[in-house]
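Student: Once you've had a glance at the structure underneath, I'll fire off some questions.
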Amino acid sequence: MPNDDCSWIVGVGQSGFSRLSGRSPADLAAEAALAAAQDAGVDPKTIRAVIPLGGSLFTEDLICGLGLDPGAVTDATPPPGGNAAVTSLITARTVLRAGAADLVLIVLARNGASGARIQDRIRSLPGRPFREFLEQPYGWSRPAEWYSMLCRRYMHDHGDCKRAMAEVALVTRSNAQLNPAAMMYGRPLTLADYNAARWIADPYQLYDCCLETDGAVAVLLSSQNRYGRGVRIRGVASARPQSPDDLTNRANWYDIGLTASAPRAYEAAAVGPADINVALIYDCFTFEVIHQLEEAGFCPRGQAPQFILSGGTALGGRLPVNPHGGLLSEGHLGGLNHVAEAVRQLRHEAGARQVAGARLAAVTGWGDWGDGSLAVLERKAA
Amino acid sequence: MSGPDAVQLAYPELTGYISAARENILALPACAACGQWNWPPRAHCRTCGSARLHYRPVRSAGTVYSWAVSRRQGPWAPDSVTALVSVDDAPGVRVLGWLRARPGDTRLAVGARVRGQFVEAHVDFPLIQWSFA
């Protein structure tokens, strides 16, 4: 049973209160937090979880304001971006371990196409003043524009990968033809279609970008393997990159949260990338599959394009990726549809797109400015 | 749109940059405690955590780190190019701005040398525009 003797309030702090602070919420938060740490007599850099309240503050504000290790801070509540689907598994596990509940429900629902589109969602992101004053006035204000710069730099460092990006789009679309629930079921795509599509943000064309989707996905976790067909979380970890509220000035652009979290998840699972049978990669854009295959340890840096072009990620390849069609062709439900597909694959209930004998699945998360996570899920039939 | 008061209210750490930009000068915050340049501006130094950040003028010259083309309509030139530029005088700092180029321009490449100047635009503060050096 949980023990109330394990929770003590050891410090409190506050900023000055006024009618016109002239300071940012991040700055005020850091002042109050430092005062609480000082009151408790602890080094603020040893704080490993933050719970930002009130709506105008993000975990990143505390990481930057207090100099916390962005790779080590646990999210007490899942962050707003696309990394939440996997980090929510960590949150749910924490609740189950604490004995606070026996069943935990994770749900994502949105009218991402007809209602509040991605363009609206990203108005509330960490580092909002940077966006408003230093980025949006130049028209650099959508994920396609941000992440296309990463892709451009990669092409400079590792060579043109546009054909591999096309292959990512074609493979996931082909997979979606085996998934009647996919938005793009019955709508195959050819290389000629891909090449002829309109430009969104060079080098991204239409089919390099994920769908916008109305819908919902739910995942239920329990402390017991009910009904004997449960899928076990064998290892899961999440991290933010350096400069977690800003992409432009990160020292190394390829170092993302996944770079730090993947080795931890494998270690916890006591397996390596070579043991994984099927991968669910957060495919917000085609290049992000290339990027994350490398940072998750499936390919050395610079070599994912060749792996993809040689058929490695197709059904029947060495590591099938996104057999459901992914965010690119099944639908964009924040990656919680990736978790659901991993469960179907591990139960061997994926029908025509089943990866034969799948026992271990990896699911990645990617959100905001490069937060990243990896979960290793395991078939655990009774 | 956003005037000086709006900057002061929404992003007080940026005011030194905006007032220098009005004089067509690129100024960036450096930490008085550890000497490191910081960008984008925050209340605390990204290296040592000090709150003693002071704006210093630098030459607006640098190298293209990466670039993108926005194909979307907006209060900017169609197909405008945005570039992220590593600033010569401020190691580790990259400043985003427009780049005077058209898609397909052969000079448009990572590593291109550029110079910047501030221009009046659709917001109440000047925006930086990079040109090939």
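Student: Relative to the longest principal axis of the C-alpha atoms of chain A, give the angle of the C-alpha long axis of helix A:25-40, reported between 0 and 90° and rounded to the nearest 10°.
Tutor: Orientation of helix A:25-40: about 60 degrees from the principal axis.
Student: Something else now. What are the GluC sites (Glu not before Pro) within the stretch A:287-382 that DSSP puts in a loop, where the Cβ has at most 14 other Cβ atoms within 10 Å?
Tutor: On the way: sites: A:Glu288, A:Glu294, A:Glu295, A:Glu330, A:Glu341, A:Glu349, A:Glu378; in loops: A:Glu330, A:Glu349.
Counting only loop positions with at most 14 other Cβ atoms within 10 Å, the GluC sites (Glu not before Pro) in the stretch A:287-382 are A:Glu349.
Student: Using modelled backbone amide H atoms (1.01 Å from N, in-plane), which distant-in-sequence or interchain residues come within less than 5 Å of B:Ser70's amide H?
Tutor: B:Ser80, B:Thr82
Student: For A:Arg229 and A:Ala251, what is the calculated FRET efficiency with R₀ set at 45 Å and r taken between the beta-carbons, to the nearest 0.05?
Tutor: Numbers: r = 45 Å, r/R0 = 1.01.
Efficiency at R0 = 45 Å is approximately 0.50.
Student: With a ≥ b ≥ c the root eigenvalues of the C-alpha gyration tensor of the stretch A:29-75, is it rounded (a/c under 1.5), prolate (a/b larger than b/c) or oblate? Spell out each step's value before the answer.
Tutor: On the way: a/c = 1.86, a/b = 1.18, b/c = 1.57.
It comes out oblate by the Cα gyration axes.
Student: Angle, helix A:286-295 long axis vs. longest principal axis of chain A, Cα atoms, 0 to 90°, nearest 10?
Tutor: Orientation of helix A:286-295: about 70 degrees from the principal axis.
Student: Rounded, prolate or oblate: which fits chain B when a ≥ b ≥ c are the square roots of the eigenvalues of the alpha-carbon gyration tensor, with rounded for a/c under 1.5 and prolate only if a/b beats b/c?
Tutor: On the way: a/c = 2.17, a/b = 1.38, b/c = 1.57.
Since a/c reaches 1.5 but b/c is at least a/b, the shape of chain B is classed as oblate.
Student: Can you give the longest run of chain B that contains no trypsin sites (Lys or Arg not before Pro) sitting in a DSSP loop with at most 13 other Cβ atoms inside 10 Å?
Tutor: B:60-106
Student: How big is the dipole moment of chain A about its Cα centre under a simple scheme where the beta carbon of each Lys and Arg is +1, that of each Asp and Glu is -1, and everything else is neutral? Debye, nearest 20, please. Walk me through the numbers before you get to the answer.
Tutor: Details: 35 positive and 38 negative charges, 215 e Å.
Charge dipole of chain A: 1040 debye, to the nearest 20.
Student: Name the shape class, rounded, prolate or oblate, that the alpha-carbon gyration tensor gives for the protein assembly as shown, where a ≥ b ≥ c are the square roots of its eigenvalues, rounded holds for a/c under 1.5, and otherwise prolate holds if a/b is larger than b/c and oblate otherwise.
Tutor: Values: a/c = 2.03, a/b = 1.21, b/c = 1.67.
In terms of gyration-tensor shape, oblate.
Student: Follow-up. Determine the gain in length on full extension of the stretch A:Leu220-A:Gln306; use 0.36 nm per residue of separation and subtract their C-alpha separation, reporting nm with one decimal.
Tutor: Stretched out fully, the A:Leu220 to A:Gln306 stretch lengthens by 27.2 nm.
Student: Please report, in whole Å, how far the alpha carbons of the stretch A:105-379 spread along each principal axis, starting with the longest.
Tutor: 55, 40, 39
Student: A further question follows. Give me the percent of DSSP beta bridges within chain B that run antiparallel, rounded to the nearest 5.
Tutor: Details: 29 of 31 bridges.
Looking only at bridges with both residues in chain B, the antiparallel portion is about 95 percent.
Student: Restricting to DSSP H runs of at least four residues, report the calculated mean residue ellipticity at 222 nm for the protein assembly as shown, -39500 (n - 2.57) per run over all residues, nearest 500 deg cm²/dmol.
Tutor: Working: 14 runs with 139 residues, N = 515.
Per the formula, -8000 deg cm²/dmol.
Student: Once you have the Kirkwood Rh of the stretch A:239-350 from its Cα pairs, apply Stokes-Einstein at 4 °C and 1.567 mPa s and quote D in µm²/s. Don't jump to the answer; show the numbers that get you there.
Tutor: Details: Rh = 14.9 Å.
After rounding, the answer is 87 µm²/s.
Student: About the Cα centre of chain B, what is the dipole size in debye to 20, counting +1 per Lys and Arg Cβ and -1 per Asp and Glu Cβ, all else neutral? Present the calculation step by step, with values, prior to reporting the outcome.
Tutor: On the way: 14 positive and 9 negative charges, 76 e Å.
Taking the Cα centre of chain B as origin, the dipole is about 360 debye.
Student: Follow-up question, since we're still on this one. Would you work out which of A:Met183, A:Pro263, A:Tyr204 lies farthest towards the positive end of the dipole of the stretch A:105-379? Charges go on Cβ: Lys and Arg +1, Asp and Glu -1.
Tutor: So the residue we want is A:Met183.
Student: Taking a temperature of 37 °C and a viscosity of 0.692 mPa s, what whole-number D in µm²/s does Stokes-Einstein yield for the stretch A:1-115 with Rh from Kirkwood over alpha carbon pairs? Write down the numbers at each step before the final one.
Tutor: Details: Rh = 16.5 Å.
This corresponds to a translational diffusion coefficient of 199 µm²/s.
Student: Just need the relative contact order of chain A here, percent rounded to a whole number, with Cα pairs under 8 Å and 6+ apart.
Tutor: Worked out over chain A, it gives 22 percent.
Student: Same structure again: Sticking with the crude label model, points 7 Å out along Cα→Cβ, report the distance from A:Ser56 to A:Gln38 in nm, one decimal please.
Tutor: According to this spin-label approximation, the distance is 2.3 nm.
Student: Which value, in debye to the nearest 20, describes the size of the charge dipole of the stretch A:24-68 about its Cα centre when Lys and Arg Cβ atoms bear +1, Asp and Glu Cβ atoms bear -1, and nothing else is charged? It would help to have the intermediate numbers written out before the result.
Tutor: Working: 2 positive and 6 negative charges, 32 e Å.
Roughly 160 debye, rounded to the nearest 20.
Student: Rounded to the nearest 5, what is the percent of antiparallel bridges among the DSSP beta bridges in the protein assembly as shown?
Tutor: Numbers: 59 of 67 bridges.
That works out to approximately 90 percent antiparallel.
Student: While we're on this one: Between A:Ala268, A:Ala239, A:Ala296, find the one with the highest GNM mean-square fluctuation for chain A; connect C-alpha pairs within less than 10 Å.
Tutor: A:Ala268
Student: Ok, one more. Helix A:162-176 versus the longest principal axis of chain A: what is the Cα-based angle in degrees, 0 to 90, to the nearest 10?
Tutor: 80 degrees
Student: Just to be sure I follow the definition: excluding the sites themselves, where is the longest run in chain A that has none of the chymotrypsin sites (Phe, Trp or Tyr not before Pro) in a DSSP loop with at most 12 other Cβ atoms within 10 Å? The partial results should precede the final answer.
Tutor: Details: sites that count: A:Trp8, A:Phe17.
Formally, the longest exposed-site-free interval is A:18-382.
Rule-based calculations on the coordinates, nothing more; no lab input. If you're wondering where the values come from, they're calculated on a predicted model, not measured in any experiment. We place every Cβ from the backbone using ideal geometry, glycine too, and count neighbours over all the protein chains shown.
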